[in-house]
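Presented below is the structure to which this report refers.
Rule-based calculations on the coordinates, nothing more; no lab input. Quick caveat: nothing in here was measured; it's all calculated off a predicted structure. All Cβ positions, even for glycine, are placed from backbone atoms using ideal geometry, and neighbour counts span all protein chains on display.
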Amino acid sequence: MATATAPATDIHHDSHDPHATNTGISNNKLAMWLFLSTECLLFGALISTYLIYKTRGNSEVLPTDLFDIPFTSVSSFVLLMSSLTMVLALSAFGRNDLDRGKAWLLVTAMLGAVFMGGQAYEFTAFYEEGLGYTTNPAASAFYTLTGFHGAHVSIGIIMLMSLWVAANQGKLTGKNSETVEIVGLYWHFVDLVWIFIFTVIYLIPPE
Amino acid sequence: MAIIEEPLALTSGEQHAERPLGVLTRPQANGSWKDWVSTVDHKKIGIMYGVAAMFFFLVGGLEALLIRTQLAFPESGFLSADVYNQIFTMHGVTMIFLFVMPFAAAFANYLIPLQIGARDVAFPRLNALSFWVWLSGAIFLNTSWIVGGGGADCGWFCYSPNSGITFSPTNGVDFYAIGLLITGIASLVSAVNLAVTCLNMRAPGMSLFRMPVLTWMLLVTQFLLAFALPVITVALLLLLFDRQFDSQFFDPEAGADPLLWQHLFWIFGHPEVYIIILPSFGIISEVIPAFSRKPIFGYSFMVFSGIAIGFMGWGVWAHHMFVSGIGPISVFAFSMATMFIAVPTGVKILNWLATMWGGKLNFSTAMLFAVGTVTMFTIGGLSGVTHSLAPADTQQTDTYYIVAHFHYVIFGGGVLGLFAGVYFWWPKVFGHLLDERRGKIHFWAMLIGFNLTFGPMHVLGLQGMSRRINTYSSGFGFEFWNLVATIGSYILGASVLYFLWNVYKSKKDAPNLPAPGPDPWDARSLEWSIPSPTPEHNFDEIPVIESQDDWWFRKYNIEDDGSVVRISSAEDAAQKGDAVGVHLPSPSFWPLVLAIGLPLIGYGLIFNLWLCVVGGLLTGGAIYAWVLEPVDDPDAGAHGHDDHRDGGDPDGELATVGAAGDDMEGED
Amino acid sequence: MVKTIRKREKPVSDSRTRLLGVLALIGLITAGCAGDAELDTLQPQSNNARDIDTLLDRVLVIAGVIGVLVLGAVVYMAKKQRVKSYDGDDEFPEQISHNNTLEIGWTIVPAIIMVVVAVLTTVAHFSLNETEANAYEVEVEGDSTSWEPKVVVVGQQWWWEFRYYFTEDVDADFLDDPRNLPPADIVTAGQMVIPTGQEVELLVTSRDVIHSFWIPALNGKRDARPGFFAPWEISADEPGVYFGQCTEFCGLSHAKMRMQTIAMDPVDFQNWIDEQMVPQSAPPENADDPVSRGATAFLANCSSCHLVEGFNGDEDIAAAVVSQAAPNLTHFASRTTFAGGILNTYTEAGEWNRNDISQWLRAPETVKENYANGLPDGELPRGMPNLGLSERTISDLVAYLETLGEKPSAEILAATEVE
Amino acid sequence: MSETTEAAVETHDDHHPSDWEYIKVATILAVVTAAEVATYFESVFTFFETRWILLTSLFTMMIFKGWLVVRVFMHLKQDKPVLQQSFFAGVLLATTVYIVTLLAFNVFG
Ligand code: HEA
Ligand code: HEA
Ligand code: CUA
Ligand SMILES: [Cu+2]
């Protein structure tokens, strides 16, 4: 029994080889998924806060009074489509089609930026209508929730651009396309959260 | 960008000139202090967690002694109300976030890789990051004594609106919020890291259901952490935004509901108490079998009850809010849910008793602490059950009866268990034993001091003494037991100092005593199959696991008639620790640098936004440097294709040896 | 017997049982005999408190038995199975690693015990939430009205206000916003008065942070949450003075935020109402009379915060959610404690407590820490300020305060003293 | 032993969906989104004035969209079950915990 050991060294393999792990999933990917599942608790708390507070604001203006559904629909659609371009980027990198991969990365980042532009516009418009961050609990909760989502999108954009730069420097190829996949997971998750927010916060009208 | 970290790089003797961002040379192992600040070795990180946590235990303990001194006599003027409020708040915060949690993290870091047969955790650099971020948060939190106008004065659960800027205008609460946010980041990162380690890095054959109970409990703890921390993160951010940016989350005048904070805090807070206790449950599940000479009784019940506690712990948070006005239906539902946590916990208690039953009990210091844990926790758990009766809790809540409950579970269950672990694994970590005779004195002094301190609090609480009061009048019948509790706390304090003396003396005497050898306790899990202290590379060869308690079965065989025969001495069966050329992850300065940036951002939020910019640049720069820092030390090229991941089990092993690990699919 | 068992939660170590047993016994005696334990939760004086106590007693018995069994098993094994060391001893006990029947058994048995406990709790919980306060006839200014016995209880840093609305229908919308309380018939501070044998509903709220209202002998506690009314209920079997303490941490002087409930038989209660309904009038002006001088000083120094009805106003001085309220002093002398229930208005001999009242006016912050003096701009003052009054003014004020309301009965005065 | 090799084989086999499939899914997502937005025009689609119909359809569509994103774009369909388990653990935990919280606040009336 005591002899049953395996040599620990002298094994050559690609460190991205997912089979090196017990689950068959690389550490990075597993970690990202775990992280995303904890993010559910984070956004859940923010969404609940908003739902609890959405009508709390003595007599001042409430976010629900100001929603511009057609406008938000467009920016939601943009974010949704960025998920498509994200998978297309990944699939291109998977085929080692670097040029296309890079292009899709850039498109994804740009769609994200458009979404952020929309959010900036929305915030300004609301602010001008008299809904400041400190106006009432409903406003604070609304801006914090959407702001947090926006911060996630922004971080996603930074990561996408970093990937794009890395790809341009030749550091990112089909071989380590898993990195793209992992950033993609994050990106899709942020989109997923927005799917939730769009329905729960925007589309469900106040009673 | 942590997520694209590759946990791999090699140390080698050669210097090289790679300088990410043009600063800080890649550190090399050379035995100086730089080894410690740049280390990514889970063992060194574990030791640092342990030392730092012990330091904060003294700080929190000192605060406790101040509390007790103030309360020794009625109408005492030793501490002013203001100072007292800061002291008990910081005592609670320090003990929970800066002592028990990191102390448990010390065990998790040191032991998880050893118990599953890995060379390191999944992300060694992130591991270093967790430690430094935690430490910077801890220091940040305590600097509020100096620069924040005093510590937070809102109680450890910091109910709004008392925590708002109107009612707590000093910066203490800002330090509380930011400090806990920073330590929260650390714990979240480390939770993900260690969970991935348990899931992914096990030695061949080490299926999930062969993992030692300790590793299991730590794994459950990591999941609890990973899911609970985001909730308090949100709560703390809302509090911070209220205080710093005038948002309206907790302002009742604007229509906000103070219950929001309570829900968010306790959704985190209750899982948190199991985060505190489960590591200790794990530790004594290793200690008791070793000193009963029996395997743990009912391994699978032990594991599943731990998982069950983890799950049920999510459904009971509002038992801290029975009187806060959540409505009779909620009160009822949470009262019922809470009671039934007694069931899986009871399974554990009874299984430990069954492990001891019929065993040959050797009351070493570690065993004494473990048995102390079982008994003291039971007392605390039973008083917990009396709190779960919602109607009765309306009398108990916020009295010393609660204080008694939670010190019995936290100190009696958690801290005694952690001390059991200290005595048990000390030789593995430091290569020499802690003196047993002194250890036993330490134990008895602590046990007696503990019971004298917290036992009377049951009486005080039922007699109606409120908690968090800086003074009480004579005439309510509180005098006698408060004095007893104070005397008890001094005994407790003395026992802690005596422990430190034991540490010092044992270290000093060690050279004259025989080395403990790899397996001084004739124990059962993998960490005892390697030399003491653990060599830097952990395992010469990654063992292949054939059963639960694999190491024990390398020493003993159970014959058909049930008798046990020794087949090998521990020395023979153990690895020699002399392997050369094992590649370990390269050290890095960036985790430390990144960690320094965060408190700067914190100070910036409080004092001057420009500091945020500095902190932000430092953090951002460190992240980029981290990413740019070659994952493998360039020397790796010299070794050919040696870029296999550290620790764990390259698939080559799985393939060659064939005692394949498990896949999650196979198990669910 | 029950007493013995309920004290079982005391420390019992695994092997020094005897030593600690003795200690436990001492504790039992001290706690059990403590007649002066005014806040004792184990001496219920009302239906609700008794229900709670009974529930707790039963569960403490169950818990006690379990505790004894577990600790007993440990002590037993420590005695029987102890070995000095394993050296040279390769003997092993039987290597039993599990026994499913046993393990399922000790999953199910605790589960059954907990079902029993759950049933007990359920019964207690719902019976506690069931009791309804029936209407109570009181006479207010000569008219008999049917009072649904409700009292609005308002916590603030660091004292309690009690508001009685006899002439209004409290259930109506009129009391819908705790942030904006309408004027009440009787407003008092620190001491709530209720009739005996009568369930009185409380609407507990707060003007600043969360407090908790608790009279252990009469019922459990209930948090006072700013912006909300928390319903609660209280009753007392016997006339008497029942002590309480704010139990939710509420900032600086949380420790010194106490209160009392005085239960009076219906006749006394009616007298109390009659007395409280009478407003004060200005004392005749006379520069030689300290009372008169005190009244003048009151107008000059105190009336920005305190109300003496009929003298310096008729309606509450507006106090919003974020407090700045001060106790209504209209019948100050009819109360036996002041300053959040920490000081007595009358000495043990039954005299007007000049010393403590003077000290309170001289330097309230030495009696009870507060945030009322020398605050930076924009910070909300809380508590009674040190007004830098001259000794003469103080003694005038003390004399004036003595004229505000009737001196309470000797029984009540005696019951107020803690010692 | 066999388990691992099987797992390995499985992963090698698992071909990711083609770009065309992604586009199809994205189209479905776009259509559903359009349907979601349509509920906003209650005056046009009068049945959405009935609250329960509105809520049911909105939640169904939302969950369906989320499901597609997770399954297809995030490849949970092909990936190891452990990922699905850990992710849905978070989703379910968050859903139950927060629904209970919202219930305690009477958000659902
Ligand atoms: C290590 C931490 C820890 C642990 C493990 C526990 C365990 C438990 N706790 Fe405790 N608790 C705290 C830490 C902990 N607690 C803290 C810190 C607070 C106060 C926070 C604050 O306000 O500051 C608190 C407060 C607290 C309250 C709120 C009181 C109040 O403020 O009003 C309640 C109410 O239900 C409660 C209940 C329980 C229960 C039922 C358990 C159960 O898990 C216990 C289960 C164990 C047993 C029951 C014993 C062993 C079982 C058997 C031998 C089997 C047979 C038994 C039976 C059938 C009964 N706890
Ligand atoms: C892990 C958690 C933990 C631990 C270990 C402890 C340990 C102790 N605690 Fe407590 N405690 C809490 C967690 C913990 N506590 C929490 C969460 C609260 C609630 C806070 C709140 O209400 O917000 C609380 C509250 C609390 C109170 C109630 C305060 C109040 O409500 O007003 C009291 C009162 O006696 C107390 C006492 C003690 C004592 C005597 C110890 C002892 O066990 C400590 C023993 C250790 C030592 C004595 C250290 C030895 C050090 C020296 C001898 C000094 C040397 C120093 C240097 C060299 C720097 N604690
Ligand atoms: Cu009011 Cu504590
Ligand atoms: Cu709890």
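Some points to look at:
- An oblate overall shape is assigned to the range D:17-104, the ratio a/c of its alpha-carbon gyration tensor axes (a ≥ b ≥ c) being 1.5 or greater and a/b not exceeding b/c.
- Value of [θ]222 nm, deg cm²/dmol, for chain B, DSSP H segments ≥ 4, -39500 (n - 2.57) each, nearest 500: -20000 deg cm²/dmol
- Cα centroid of the range C:258-276 to Cα centroid of the range B:194-273, whole Å: 50 Å
- Structure-based [θ]222 nm, chain C - -39500 (n - 2.57) summed over DSSP H runs of at least 4, per residue, nearest 500: -11000 deg cm²/dmol
- Taking the centroid of alpha carbons for each part, the range B:577-607 and the range C:227-251 are 53 Å apart.
- In loop segments of the range D:43-109 as defined by DSSP, the trypsin sites (Lys or Arg not before Pro) with at most 16 further C-beta atoms inside 10 Å of their C-beta are D:K77.
- Note that the range B:331-346 has calculated 3J(HN,Hα) couplings of 4, 4, 4, 6, 5, 4, 4, 5, 4, 7, 5, 4, 5, x, 5, x Hz, one per residue in order, obtained from phi through the Karplus relation 6.51 cos²θ - 1.76 cosθ + 1.60 (θ = phi - 60°); glycine and proline are x.
- Sparse packing (at most 12 other Cβ atoms within 10 Å of the Cβ) combined with a DSSP loop state is found for the following trypsin sites (Lys or Arg not before Pro) in the range A:86-193: A:K171.
- Relative to the longest principal axis of the Cα atoms of chain C, helix C:391-402 runs at roughly 80 degrees.
- Sorted by Cβ density within 10 Å, fewest first, the residues B:F107, D:F108: D:F108, B:F107
- Given B:K294/C:K79; B:K428/B:K555; B:K348/B:K576; B:K294/B:K428, the pairs whose alpha carbons are separated by over 27 Å: B:K348/B:K576
- Nearest-0.05 FRET efficiency for C:V115 and B:I329, computed from C-beta distance (R0 25 Å): 0.80
- Rounded to the nearest 10 degrees, the inclination of helix A:69-94 to the longest alpha-carbon principal axis of chain A is 10 degrees.
- Here the simple spin-label model places points 7 Å from the Cα toward Cβ, and for C:N134 and B:F209 these points are separated by 6.3 nm.
- Peptides B:66-76, C:257-267, B:343-353 ordered by packing proxy, namely the average of other Cβ atoms within 10 Å per residue, highest first: B:343-353, C:257-267, B:66-76.
- Translational diffusion of chain C, estimated by Stokes-Einstein from the Kirkwood radius over alpha carbon pairs at 10 °C in a medium of 1.306 mPa s, is 64 µm² per second.
- Cβ-Cβ FRET estimate between A:T173 and A:V114, R0 fixed at 41 Å, reported to 0.05: 0.90
- Using a simple spin-label model with pseudo-atoms 7 Å out from Cα toward Cβ, C:D173 and C:E417 lie 5.3 nm apart.
- Anisotropy class of the range B:464-611 from Cα gyration tensor, a/c 1.5 cut: oblate
- Simple spin-label estimate for B:A494 and B:D572 in nanometres, 7 Å along Cα-Cβ: 4.9 nm
- For chain C, the relative contact order is 14 percent, taking Cα pairs closer than 8 Å that sit 6 or more residues apart in sequence and dividing their mean separation by the residue count.
- Cα shape, chain B, gyration tensor, a/c 1.5 rule: oblate
- On the basis of the beta-carbon distance and an R0 of 41 Å, C:N180 and C:E391 show a calculated FRET efficiency of 0.55.
- Summarised as an ellipsoid, the range A:27-203 has semi-axes of 34, 17, 12 Å, derived from the eigenvalues of the Cα gyration tensor scaled by 5 and square-rooted, with the largest first.
- Percent of alpha-carbon pairs separated by more than 55 Å within the protein assembly as shown: 27 percent
- C-alpha center-to-center spacing [the range C:93-160, the range A:137-163] in angstrom: 44 Å
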